[in-house]
Amino acid sequence: MKKYTFYTTLSIIFLSILWSCEKDDICIEETTPYLIIRFYDNSEPEEFKKVTALKVQIEGVSGDYFNETITLLTDSIAVPIKANDDITKFKLILNGSDNDLDNDNEDIFDLNYTREDVFVSRSCGYKTIYHDTTTTLINDNENWIVSIETIVDPQNIINQKSAHVKIFH
């Protein structure tokens, strides 16, 4: 009888410890997605085309994004979108990450969207998803970007599993 009571008490203590444990506070779910841009050859629109020494600047955000920090593949990049505004201005600089400033060519495009904050989990908090995104290329008469378009019209950016914007150059 003593053995039975000992094992019962031990089992109750063990189960109490298991039930009182809290979930880990590690975020493994997706958070606010980045903008995925794919670069295409303007003369062959189905073919990907690399960009030489690309540098990206985001208006209102300090720092530059170079190939090493933005590239998922050599013909695509992932850059952050402003979660506090309904527009993000991107400056894409061809040859911008090399040492020769004379060969730089800057093109600017706007990404317009509506934002929605979605609760993910206690450990992750909220993430922002972007609805009805549109792009506008600013023409400066020396554009290296020929055209820009969203993959789907209207484009919703809810994850970063596939491209959101096509740039033809």
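See the values below:
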{"item": "Which listed residue is modelled with pLDDT of 80 or more, at negative phi and exposed (fewer than 13 other Cβ atoms within 10 Å of the Cβ), from Glu47, Glu59", "result": "Glu47"}
{"item": "Looking only at region 62-88, and only at residues there that are charged (D, E, K, R), farther than 12 Å from Leu35 by Cβ and in contact with a strand residue (DSSP E or B) (Cβ under 7 Å, 6 or more places away or on another chain), the one that is modelled with the highest pLDDT", "result": "Asp86"}
{"item": "Residue that is farthest from Val61 (Cα to Cα), among those in region 78-94 that are outside any loop (DSSP other than H, G, I, E, B) and β-branched (Val, Ile, Thr)", "result": "Ile93"}
{"item": "Some residue of region 135-147 being loosely packed, with under 13 Cβ neighbours inside 10 Å and either on the phi > 0 side of the Ramachandran plot or within 20 Å of the chain's Cα centre (by Cα) (or both)", "result": "yes"}
{"item": "Hits in region 122-131 - residues which are modelled with pLDDT under 95 and either hydrophobic (A, V, I, L, M, F, W, C) or on the phi > 0 side of the Ramachandran plot (or both)", "result": "Cys124, Gly125"}
{"item": "Filter result for Thr52 (within 30 Å of Lys127 (Cα to Cα), modelled with pLDDT of 75 or more and in a loop (DSSP other than H, G, I, E, B))", "result": "no"}
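Matching residues to (1) over 30 Å from Ile26 (Cα atoms); (2) touching a residue at least 24 places away in the same chain (Cβ under 8 Å):
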residue: Gly63; (1), (2): no, no
residue: Thr88; (1), (2): no, yes
residue: Asp100; (1), (2): yes, no
residue: Glu106; (1), (2): yes, yes
residue: Asn112; (1), (2): yes, yes
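The values are calculated or read from the model by the stated rules, or taken from the named source; none is laboratory data. Predicted model only: the values in this text are computed from it and were never measured. Counting neighbours? That spans all protein chains shown, and the Cβs are built from the backbone with ideal geometry, glycine included.
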